[in-house]
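Remarks on the structure that follows.
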């Protein structure tokens, strides 16, 4: 299982490395446009007054043997749910991806709005697009006022951390502003900025969701690889300890038998 996880981890790492530059550039464009003095009436870019209903999408794994990877994500989502309810939300929905997250919530008797198995290394951009369209549709029809994603963020090859990030509405990225506090730059738009953003935002959402799944998939395989390596090391140490114990018992038995033979021979003399 350690070898299988290593192969899958490499596969997810390659896909993540290929998609990240594209995702970062789309993120940068959206941040610059939304922070660059562009005035639009797009609902996806506006925070709603007194949000009443939120949804948290949980991205976890389908299988165990990866330490506390799955429960860590689910528990973080539940903490966020409690936080939102205390802040005045009337309802917080849980949308789970991954059998382990769903089973954990079911065990705790937490209501789940919807769930599906995580595609893991089979994740496709079309799958992320369909999920993005579903969430945007719920947001635009005012079925929810906020959309959050609970997933595992990859900070480096060996550093992964469960986080919760807002997806909708799209908030301005402060890092996209200059140190003087003004917009990054002035833009000349053709066509109108609202039309440009209305085409870019759906792409932005799909790319973000796709990367959420890729990062979680890579982190899951990494966690399973580490867990299986620890299990192998523990098994090897157990075999070594049992072998030493067996040899000691065997040697003690042989020594005892020799002592009995010598004692018997001495008695005959």
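The values are calculated or read from the model by the stated rules, or taken from the named source; none is laboratory data. These numbers come from a predicted model, not from an experiment. Neighbour counts are summed over all protein chains in view; Cβ atoms, including those assigned to glycine, are modelled from backbone coordinates with ideal geometry.
The table that follows gives values for the structure above.
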read-out	value
Members of region 124-154 that are more than 29 Å from residue 218 (Cα to Cα) and assigned to a loop (DSSP other than H, G, I, E, B)	141, 142, 143, 144, 145
Conditions (1) touching a helix residue (DSSP H, G or I) at 6+ places or on another chain (Cβ under 6 Å); (2) in a helix (DSSP H, G or I): number failed by residue 83	(1)
Region 97-117, residues that are assigned to a loop (DSSP other than H, G, I, E, B), farther than 18 Å from residue 67 by Cα and touching a strand residue (DSSP E or B) at 6+ places or on another chain (Cβ under 8 Å)	110, 111, 112, 113, 117
Residue check for residue 202: in contact with a strand residue (DSSP E or B) (Cβ under 7 Å, 6 or more places away or on another chain), under 30 Å from residue 8 (Cα atoms), at pLDDT 80 or above and surrounded by 10 or more Cβ atoms within 10 Å (Cβ to Cβ)	no
Residues being in a loop (DSSP other than H, G, I, E, B) and touching a residue at least 24 places away in the same chain (Cβ under 8 Å) - total across region 59-74	8
Residue 41 vs. criteria part of a loop (DSSP other than H, G, I, E, B), at pLDDT 85 or above, surrounded by fewer than 18 Cβ atoms within 10 Å (Cβ to Cβ) and over 27 Å from the mean Cα position of the chain (by Cα)	no
Test: residue in region 86-96 that is in contact with a strand residue (DSSP E or B) (Cβ under 6 Å, 6 or more places away or on another chain), free of Cβ contacts under 8 Å to residues at least 40 places away in the same chain and in a helix (DSSP H, G or I)	no
The one condition in (1) touching a helix residue (DSSP H, G or I) at 6+ places or on another chain (Cβ under 6 Å); (2) free of Cβ contacts under 8 Å to residues at least 40 places away in the same chain that residue 131 fails to fulfil	(2)
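Each row is one residue, and each column tells you yes or no for (1) within 25 Å of residue 87 (Cα to Cα); (2) touching a residue at least 24 places away in the same chain (Cβ under 8 Å); (3) surrounded by fewer than 19 Cβ atoms within 10 Å (Cβ to Cβ).
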{"position": "110", "(1), (2), (3)": "yes, yes, yes"}
{"position": "123", "(1), (2), (3)": "no, yes, no"}
{"position": "139", "(1), (2), (3)": "yes, yes, no"}
{"position": "145", "(1), (2), (3)": "yes, yes, no"}
{"position": "148", "(1), (2), (3)": "yes, yes, no"}
{"position": "152", "(1), (2), (3)": "yes, yes, no"}
{"position": "157", "(1), (2), (3)": "no, yes, yes"}
{"position": "160", "(1), (2), (3)": "no, yes, no"}
{"position": "168", "(1), (2), (3)": "yes, yes, no"}
